[in-house]
Amino acid sequence: MDALLLSTVIAIPALGALASWCAPERSDLQKRITIGIAVLMLVLTGGLFWAQSATATTGFLLRERIPLLPQWGVAWHLGMDRLSATMIFLTAIVQFAASLANAPKVRFRAYHAMFQLLFVGVYGSFLALDMVFFYCFWEIMLIPMFFLVAVWGGDDRKRAAVKFFLYTMAGSMAMLLAIFLLNVSAPRESVPMVVRAEEVRENMTTGSGGEAILYGLPVMTGAVGGQQSLVRSADIAAGRKLPLYVPLSRSFDMLHWKLLAPWWAQRQIFGIGLAGLCLGLFFVAFAVKVPSVPLHAWLPHAHVQAPTAISVVLAGILLKLGVYGLIRVAWPLFPGAVAQAAWLFGWIGAISIVWGGLAALGQTDLKRLVAYSSISHMGFCLVGLASGTAQGITGAMFQCVSHGLSASLLFLLVGVIYERAHHRRVDGFGGLAQVMPKFSALFLFSAMVGAGLPGLAGFVGELGVLLGAWSADATRLAGFVSATGVILSAAYLLWMVQRVLYGPLRHPEQSAFADLSRTELASLLPLAALSLLLGVWPSLLQDVVGPASASLWGHMAWLQGAW
Amino acid sequence: MTNLLWLLPALPAFGFAINGLLALAGARRTEGPDRGIVGFLALLFPVLSFILTLVLWQNLSAATESVRSQSELLGVKLQAPAFAQTMGDWIRAGDLAIDFGFRFDKLTGIMLLFVTGIGSLIHLYSIGYMAHDRGFARFMAYLNLFLANMVVLVLGDGPIVTFLGWEGVGLCSYLLIGFWHHDEANGSAATKAFLVNRVGDLGFLVGIFLLWQIMGPGSSLTYEAISAWFRDPAHAAQLATPAVAALLTASTLLLFVGCTGKSAQIPLLTWLPDAMAGPTPVSALIHAATMVTSGVFLLARMADVFAMATTTLHVIAWVGAATAVWAAVTGLFQHDIKKVLAYSTVSQLGFMFLAVGVGAFDVGIFHVFTHAFFKAVLFLGAGSVIHALSGEQDIRRMGGLARKLPVTFAAMFAGWYAIVGLPFGAGFWSKDLILERVYVHGGIGLYSIALATAALTALYMTRMMILVFWSPSRVDAEVSHHVHESPLSMQVPLWILGVGALCVGFFWADMIHLDWFARQLSDVVGPAQAILVSGHGGHGPSPWLLAGFGVTAAVIGILVAFGLFRNGAFRENGREPMGTASRWWMLAFDGLHTVVGIWPVSVVAWILDNWIQPLLMGILRVFGWLVELAGSAIRLLQRSRLRTHMALSVLGLALLLLFLARELL
């Protein structure tokens, strides 16, 4: 029954896209389908998240693997662990908020279909465990996104869409190359790999004969080339039979590739280390999405041109995919190379934080301002990951969620006044606090979430990241530089709040602005409530992502100790 | 009893929630929500919180007494009791585990007593003061939120929980400074306050982190654990190693940077005078009585840590002294009644840090306590004067108000009497304790600065009193028609606080051997002070003699003030000989912030904008050209025939395969 649950998660938005496309073009109908699908996803992913957080296992609660091209090692392999569960739940929350935001009035049948299709890619990327499908879903996101900006965007939409496309395409090419390189350098026949006992215990399934199966492969015991026998799952549960070996055959499976981490570390290609090369390629692919300086230039442009709902999805979810990719692929596959380059990643993150913050200070367009603040905030994720400490990685995961909430809030709110004023110039507003008290309260609240006020979600992630970065030798200095982001974020956000909300009502015609409508409140309040809830009660999320980061940290530390 | 601790912040937070919703619901109506209900609710919850504090204090005192008698009976020193409550785990990341917990001991109790007590009085006062303001409900909601955060600040059982309240009061301070947000200047002042505080808060965080590193990762970050760790003789050797000692100095200095932000000390003090843009009850509650003293509270809370960092204590003492004298001089040049009081607050805070710096944590807290009374009454009195004069704040256009506003005058006289340190007022006892400790443990240099500041304090405060109350009236004729005494809701707090300003000093009247206050704190800061004092030893001259010096300084200040400003005759509106110099003096630290803070940021931003950004764009452009070039080359090839294509493709494929085969096999 639950065998295809994860496929269902991907199938629902796909069906929704189909339904939107096929249904007659009546705006309320398309909108209803979009909202209905979002609610369905919210319930489904919420249930999955709850189920995942209720279990003790840190491994995959659900996994489905259907070999498709066995001779090439391609399989339809989906899995949900704590990280995936968190990300798809966040996706559904943002999807819900975005589907309530105002949709364009022209060609909306296509718009809604594209909107749904985008989520097929997002959910797929968060769940895929086979690199071929991961890559496919990654590309599926690209196409609707391109059209959503290019067709329904602002005046300069074409250029923005092309820019977005070129940057992300370049990143995808890097990823494709890395996948190709890894596939051809993978061992040709089964080689036994020593694995961490926890890894087996967390992700073990039991075969028909009671033998332990890890990621579809039997776990064995004994010395390499010597006597080997299958390990029974009861033995592992009892903590016996170590060290353990898993025979591997050629595949595109991320989890198999994760077991091969020591193998990658020893391989050379074109005279240089394979691990370093592929880490670099993957990093480029994911850093474009994060986005990190210097690969960030597409983001502000795309944000300014994109419709409100698309900006929300872009900032709230798509940027998280970059971080997700680093956590899921780059870090587990090449722990040694990551440790060597930690200082570099730390500095890239720190520079993104400072650069984004300084640039945000200088913006006159509200969306550009929030876009640069996203670059700055996402930099914290990179710094946390680079630190390679449990605090840093947990903080990075938490920061993904808190930024997903705060950035969605801010883009929705900017959309609210854009609806009314038809422009987004910072100096084109002023004194809105006198006219729109509810809007002002939420705007200030969202700014405070972004500024990392303790008691709100933003603080927990940043604190974890900074503590982690300061603790690790490689990222200490970068961590201190990153800390200035805390001051910068307060500066540009409060500056924005002051220009928009305070002072005399500079544009008298704005006195007629209506305060937030019910629909707007319905999209904003859940996000705001979650930001507050996660601030005062972060364990709700920490208890879920904490073991995930501990598991990654354990994997990396174990490999560095072993090799 | 213990499990009621959460109610202390929850009550005012609840008030905030209700009033906030009422304010939002009624915001677009001119009259807003019903003022009676809002005012009642806004006052009710702080008062409940105060009553609960009283009950808890009673219970704690009883528990302490029983423990004390037990330890005397058994002959062993038993741990002083404290109420603690853990609400649940809060932040978990790796080996860092922070619980959301509260701890109510004697230090927290004293802070809470006056925070909720004076807080309630100021809520009452605000009901009268803000009665005609359109944003009445919003104002009361913010005040309630502030109180909730302030309670969390002092009640937190560890530095990170304190930090929650610490930034929370900063937010409320921001909201209340910019309360009248239709005026651009108020918003700027609010933003400045928040940002300057953010700089300090970053110091706070890094300081805590270093402390955590010293104690060893994995250790618990509660005050109890921190104190225990630093009191433990087993760690003395570790603390004595140069590396750890340097780390400790860095950690404590950074924590102190956090304190300079919140408590407006050099160099992060520029925001406080600007913060006077907020309504006067805010200045009284947040920027005089409670929030700005958090820095002193934090140092006392972590006395066991600071006792090990003597270098930092020296820095604190000198920064405190320098701030005290700088602000006192600046206070002399102010024309705005609230600005005079603001600089006076900065100066008094300097005194508190001076006390802490010479190792007298309990005296510092005692001055926090007395200062809360006399500065609150001065601010509320000033508010009453401003209210009476329809918003006039310039002391050059006041004068002769003693007869017209008798209640206000009496209250402010009490406040003045206390702050200048005339015998037996509240300030007399606390300030003379500071002077005595500074003389004994701080040396003659610090003592003379402190004594000079005491004289200056008397000078600028008396100047203010003369110009407002005693000199001939310079009030505009139009305004003077409407001069009226404030409503009862504003007078009651004035009476109570005025009496307090005269009397609360007797809680620790050292010279006549009343030391109730010191005994309360002895369990908390006693061990730390014992370490510091044992190094110095020795006793100064008789306390009466030192008190005599202090009073003499005050009298000299008062006499000079009367000599200079007797008739209110001064050419303030004309050219001032000291004008330029005083402006330079006043804006010195704003200038410092510009040079150290704003210029570097601008320079970095300029370099990024003008050099790095074009460089990146250039690289991308070169990339683009290369692609274009490759495109043209390929176009050339494409002109040829199909056969060539095929051949080239096959050749390429073969080469690729060969290459890969060589590399990989």
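Looking only at the range B:156-170, count how many residues are touching a Lys or Arg at 6+ places or on another chain (Cβ under 7 Å) and part of a helix (DSSP H, G or I).
Residues flagged as touching a Lys or Arg at 6+ places or on another chain (Cβ under 7 Å) and part of a helix (DSSP H, G or I) within the range B:156-170 amount to 1.
Tell me, which residue of the range A:354-368 that is surrounded by fewer than 24 Cβ atoms within 10 Å (Cβ to Cβ) and in contact with a strand residue (DSSP E or B) (Cβ under 8 Å, 6 or more places away or on another chain) is nearest to the other protein chains (Cβ to nearest Cβ)? Per the criteria, the residue is A:Thr364. Checked against (1) more than 30 Å from A:Asp28 (Cα to Cα); (2) assigned to a helix (DSSP H, G or I), A:Leu505 passes all but condition (2). Just give me the residues in the range A:148-175 being free of Cβ contacts under 8 Å to residues at least 60 places away in the same chain and crowded, with 17+ Cβ neighbours inside 10 Å, in sequence order. Result: A:Ala150, A:Val151, A:Phe165. Candidates in the range B:179-189 are the residues that are assigned to a helix (DSSP H, G or I) and facing chain A (nearest Cβ under 8 Å); of these, the one that is farthest from A:Gly464 (Cα to Cα) is B:Glu184. Residues of the range A:414-431 that are more than 10 Å from every other protein chain (Cβ to nearest Cβ), touching a residue at least 12 places away in the same chain (Cβ under 8 Å) and either under 17 Å from B:Gly20 (Cβ atoms) or not charged (D, E, K, R) (or both): A:Val414, A:Gly415, A:Val416, A:Ile417, A:Tyr418, A:Ala421, A:Val426, A:Gly428, A:Phe429.
Of all the criteria given as (1) in contact with a helix residue (DSSP H, G or I) (Cβ under 6 Å, 6 or more places away or on another chain); (2) within 28 Å of A:Arg82 (Cα to Cα), the one not satisfied by A:Asp130 is (1).
Counting only helices (runs of 4 or more DSSP H) that fall entirely inside the range B:222-268 and contain at least 2 residues that are closer than 23 Å to B:Asp99 by Cα, the qualifying elements are B:223-231, B:242-262. Any chance the range A:467-476 includes a residue that's more than 30 Å from B:Arg134 (Cα to Cα), modelled with pLDDT under 95 and in contact with an Asp or Glu (Cβ under 9 Å, 6 or more places away or on another chain)? No, the range A:467-476 has no match at all. Answer yes or no: is there a residue in the range A:443-456 that is within 19 Å of A:Ala514 (Cα to Cα) and in the same structural domain as A:Ser387 (by TED's automatic domain parsing). Yes, because at least one residue in the range A:443-456 is within 19 Å of A:Ala514 (Cα to Cα) and in the same structural domain as A:Ser387 (by TED's automatic domain parsing).
Search the range A:487-511 for residues being without any contact (Cβ under 8 Å) to a residue 60 or more places away in the chain and out of contact with any helix residue (DSSP H, G or I) (no Cβ under 7 Å at 6 or more places or on another chain), and hand back the single one that is farthest from the other protein chains (Cβ to nearest Cβ). Among them, the one singled out is A:Glu509.
Within the range A:263-276, none of the residues are over 26 Å from A:Ala75 (Cα atoms) and crowded, with 24+ Cβ neighbours inside 10 Å.
A quick yes/no check of all residues on (1) hydroxyl-bearing (Ser, Thr, Tyr); (2) at pLDDT 90 or above; (3) more than 21 Å from A:Asn203 (Cβ to Cβ):
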site: A:Ser27; (1), (2), (3): yes, no, yes
site: A:Gly47; (1), (2), (3): no, yes, yes
site: A:Ser99; (1), (2), (3): yes, yes, yes
site: A:Ala110; (1), (2), (3): no, no, yes
site: A:Met114; (1), (2), (3): no, yes, yes
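In this structure, does B:Ala327 turn out to be under 29 Å from B:Val305 (Cα atoms), small (Gly, Ala, Ser) and either surrounded by fewer than 24 Cβ atoms within 10 Å (Cβ to Cβ) or free of Cβ contacts under 8 Å to residues at least 60 places away in the same chain (or both)? Spell out how you get there, then give the answer.
Values: under 29 Å from B:Val305 (Cα atoms): yes; small (Gly, Ala, Ser): yes; either surrounded by fewer than 24 Cβ atoms within 10 Å (Cβ to Cβ) or free of Cβ contacts under 8 Å to residues at least 60 places away in the same chain (or both): yes.
In short, yes.
Within the span defined as the range A:250-257, every residue fails to be out of contact with any helix residue (DSSP H, G or I) (no Cβ under 9 Å at 6 or more places or on another chain), farther than 30 Å from A:Phe108 by Cβ and in a strand (DSSP E or B). Evaluated against (1) within 14 Å of chain B (Cβ to nearest Cβ); (2) surrounded by fewer than 19 Cβ atoms within 10 Å (Cβ to Cβ); (3) assigned to a helix (DSSP H, G or I), A:Asp235 falls short on exactly one condition, (1). Among the candidates B:Asn144, B:Asn149, the residue that is buried (at least 23 other Cβ atoms within 10 Å of the Cβ), at pLDDT 90 or above and away from every other protein chain (no Cβ under 14 Å) is uniquely B:Asn144. When A:Leu326, A:Leu281 are screened for being away from chain B (no Cβ under 14 Å), in a helix (DSSP H, G or I), over 17 Å from A:Leu552 (Cβ atoms) and of a type in the set (A, V, I, L, M), only A:Leu281 passes.
Would you mention how many residues in the range B:420-451 are assigned to a helix (DSSP H, G or I) and without any contact (Cβ under 8 Å) to a residue 24 or more places away in the chain?
So the count comes out to 4.
Taking the listed residues A:Ala371, A:Ala407, A:Ala474, the one that is away from chain B (no Cβ under 14 Å) and in a loop (DSSP other than H, G, I, E, B) is A:Ala474, with no other qualifying.
So, in the range B:555-587, exactly how many residues are small (Gly, Ala, Ser), out of contact with any Lys or Arg (no Cβ under 9 Å at 6 or more places or on another chain) and modelled with pLDDT of 80 or more?
Selection size over the range B:555-587: 2.
Only residues that are touching a residue at least 12 places away in the same chain (Cβ under 8 Å), in a helix (DSSP H, G or I) and more than 30 Å from B:Ala82 (Cβ to Cβ) were counted across the range B:27-63, and they come to 6. When B:Val169 is tested against the conditions (1) touching a Ser or Thr at 6+ places or on another chain (Cβ under 8 Å); (2) closer than 22 Å to A:Trp495 by Cβ; (3) β-branched (Val, Ile, Thr); (4) assigned by TED's automatic domain parsing to the domain that holds B:Ile286, the lone failure is (4).
What about A:Ala14, is it more than 25 Å from the chain's Cα centre (by Cα), touching a residue at least 12 places away in the same chain (Cβ under 8 Å) and farther than 29 Å from A:Leu248 by Cβ? Judged against the criteria, A:Ala14 is not a match.
Does A:Leu83 count as among the hydrophobic types (A, V, I, L, M, F, W, C) and under 20 Å from the mean Cα position of the chain (by Cα)? Criteria met by A:Leu83.
Does B:Ala234 count as free of Cβ contacts under 8 Å to residues at least 24 places away in the same chain and either among the polar types (S, T, N, Q) or out of contact with any Lys or Arg (no Cβ under 6 Å at 6 or more places or on another chain) (or both)? So B:Ala234 passes the test.
Identify, from the list A:Gly431, A:Gly455, the residue that is farther than 22 Å from A:Ile375 by Cβ, in contact with a His (Cβ under 7 Å, 6 or more places away or on another chain) and not polar (S, T, N, Q).
On inspection, the qualifying residue turns out to be A:Gly431.
The values are calculated or read from the model by the stated rules, or taken from the named source; none is laboratory data. The model shown is predicted, which means the values in this text are computed figures rather than measured ones. Cβ coordinates were reconstructed from backbone atoms using ideal geometry, including for glycine residues, and neighbour counts include every protein chain displayed.
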